[in-house]
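Everything on this sheet refers to the single structure shown next.
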Amino acid sequence: MIVNSAAASGRRVALDGRSMIAYAEIAVRQGILKIPKGTVLPMREMPNIPDRQVLVICTGGQGEPGAALQRMAEGQHKHIKLKEGDTVVVSSTPIPGNEVRYEEIGNLLVKRGVILYRHPTHEVDNVGPLHVSGHARRDEYREMLHIVRPKFFLPIYAGALNRKYYAEMAVEEGWRRENIIMADNGDSFYFSNDSWSPAPAVPAGSLLVDQTGAIVSNVVVKDRVLLSEEGLVAVILTIDRKTGNLLTSPDIISRGFIYMRDKEEIINGLRQELKRAVVQRFKRIDLDRFKAELKDHVTHYLFEQTQLSPIVIPVVNVISGKVGDAKTVHQIRTKSDEVLAAEQQRRFQEMRARLLGQDQPD
């Protein structure tokens, strides 16, 4: 319909969006979509055609990040630059839960001066309905049952309530209730010619990947969420192995937590707490337990002061009497004292310079 109207009005058509192009190709192969010769051109040729002769059919009506219409609304599309007076028709209605993105893309489009028509506001815009549901009606679901005539029927692609409605429809249409399977994600089944039975469940659910394609574990995702909400605090202590005393004032690094210059009272209080912890606990317990207690103590102190719980990373450097001989507990090696001291001096100084070089002044 859109393509035919474009051809009748002398406009060239470009399709944008992977799903849009894929569906159009299927429709053409099936003979459902008939496109007049020369009407559809590649998107890259659209900038060379007068605006009054261009029509673009694209995806992104829900405001999906990176979708074609979203990039046009943001002014980031490679070939199409929307201008004042252009007309945009968004035929979709907002998916439940996606109302905010739907409204945001409408706001972006209007700011570009386009004439915007949307289905939810079609009466205000003085146009007819713009949206046709992509979901089948009950009669069509019933027809599908009789076309396929399955022996075993497993409703999918909906919540439990809608799947139950479909299962009850199948019973009304003559299917045996014992041959209707109400499954959850991860369920699996054994089938024979005449029966079915449950099989062991399989892993199911969201699987997150990063930009390289590597799987991101739930632990990493949880840490990233916590970092985005609460931030990170690292405390660095340099302690004399023999005396158990601090050799330098505790170093504190804050990232995404608080601005240290504006919270000097909290930071100074934290330094005093760290000094007190070293005096009271370092010589009495092993190093791993000391670091665990230190992390808990810092976490509780910061929550009491700010009502926030940032990720806390304690770094404890145990050395043999002077800063130049710094040796982190996880870096101990069976080498000569001279070689070990040189290596630890270099590593400690590099780490300390790197952390403090990025720190906010306090």
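General observations
- Some residue of region 133-150 being at pLDDT below 95, in contact with a helix residue (DSSP H, G or I) (Cβ under 8 Å, 6 or more places away or on another chain) and surrounded by fewer than 13 Cβ atoms within 10 Å (Cβ to Cβ): yes
- Test: residue in region 83-97 that is in contact with a Pro (Cβ under 8 Å, 6 or more places away or on another chain) and of a type outside the set (Ser, Thr, Tyr): yes
- Evaluation of residue 198 against (1) assigned to a loop (DSSP other than H, G, I, E, B); (2) closer than 21 Å to residue 160 by Cβ (one fails), failing number: (1)
- Meets criteria (at pLDDT 75 or above, surrounded by 13 or more Cβ atoms within 10 Å (Cβ to Cβ) and part of a helix (DSSP H, G or I)) for residue 348: no
- Region 231-266, subset among the basic types (Lys, Arg) and part of a helix (DSSP H, G or I), residue surrounded by the most Cβ atoms within 10 Å (Cβ to Cβ): 263
- Number of positions in region 71-98 that are within 16 Å of residue 121 (Cβ to Cβ) and surrounded by fewer than 13 Cβ atoms within 10 Å (Cβ to Cβ): 1
- The set of residues from region 155-201 being of a type in the set (Ser, Thr, Tyr), within 18 Å of residue 143 (Cα to Cα) and exposed (fewer than 11 other Cβ atoms within 10 Å of the Cβ) comprises just one member, 157.
- Within region 267-277, one or more residues are hydrophobic (A, V, I, L, M, F, W, C), in contact with a Pro (Cβ under 7 Å, 6 or more places away or on another chain) and surrounded by 12 or more Cβ atoms within 10 Å (Cβ to Cβ).
- Count of region 198-229 residues which are under 30 Å from residue 180 (Cβ atoms) and either assigned by TED's automatic domain parsing to the domain that holds residue 180 or not polar (S, T, N, Q) (or both): 9
- If the condition is being among the aliphatic types (A, V, I, L, M) and in a loop (DSSP other than H, G, I, E, B), then region 160-181 contributes only 181.
- Condition check for residue 33: in contact with a Lys or Arg (Cβ under 6 Å, 6 or more places away or on another chain), in the same structural domain as residue 93 (by TED's automatic domain parsing) and at pLDDT below 95: no
- Annotation note: Cβ proximity below 8 Å between a residue of region 21-47 that is farther than 23 Å from residue 78 by Cα and a residue that is of a type in the set (D, E, K, R) (sequence gap 6+ or interchain) occurs for 28/34.
- Cβ separations smaller than 8 Å between residues 6+ apart or across chains give the following pairs from region 254-274 residues that are on the phi > 0 side of the Ramachandran plot to residues that are part of a helix (DSSP H, G or I) and surrounded by fewer than 17 Cβ atoms within 10 Å (Cβ to Cβ): 256/227; 256/228.
- Residue match in region 271-288 (condition: among the aliphatic types (A, V, I, L, M) and part of a strand (DSSP E or B)): no
The values are calculated or read from the model by the stated rules, or taken from the named source; none is laboratory data. In this text, all values refer to a predicted model and were calculated from it rather than measured experimentally. Methodologically, a virtual Cβ is constructed for each residue, glycine included, from the backbone with ideal geometry; neighbour enumeration extends over all protein chains shown.
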